[in-house]
Amino acid sequence: MSAIDVIWADEKLVGIAQRLMDKGFRVNSCILHGNGIYSKPAIRIYFDEHYDIESLFHDMPPGWYTETFLGNGGSRKFTVLAEDCECDDEDLEYELVLTISNLETWLDSIDSEAAKAVLILAGYSTEPVIHTREE
């Protein structure tokens, strides 16, 4: 079983999860939130690390940003890549395809070996995390 087999990823976000893992990022989940707790649909990509390296996330496509998620009762930080969809319901599918495509294109422009080198030099592991279904 590979790491991608047990990472929760919405079917529309599997390509993003694979690209991020190929770059050495430790992905936890890629979630497409509905209208529930967010006023509009939102995309959240959760990592198993708190990547405190701004150079890794420069020149992201419009609308994408990073945020910090506190887990384990606030005792541990994690980085989240995020995008909040700002469109009408009838344009939602088009907006999602465009937003996901823009992030995939941006990820394709990042050299995998360079990204892994930066992560390693900053003290992060680039080995995939094998999640169990209980995590």
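The values are calculated or read from the model by the stated rules, or taken from the named source; none is laboratory data. Just so you know, these numbers come straight off a predicted model, no measurement behind them. Using ideal geometry, Cβ is built from the backbone for each residue, glycine included, and neighbour counts are taken over all protein chains shown.
Could you list all residues from region 17-64 that are in contact (Cβ under 8 Å) with a residue 12 or more places away in the chain and part of a helix (DSSP H, G or I)?
Listed by number, the residues that qualify are 17, 18, 19, 20, 21, 22, 55, 56, 57.
Which of the residues spanning region 65-94 are touching an Asp or Glu at 6+ places or on another chain (Cβ under 8 Å), outside any loop (DSSP other than H, G, I, E, B) and crowded, with 16+ Cβ neighbours inside 10 Å?
The answer is 78, 79, 80, 82.
Would region 123-133 turn up any residue that is loosely packed, with under 12 Cβ neighbours inside 10 Å and modelled with pLDDT of 90 or more?
Scanning region 123-133 turns up at least one residue that is loosely packed, with under 12 Cβ neighbours inside 10 Å and modelled with pLDDT of 90 or more.
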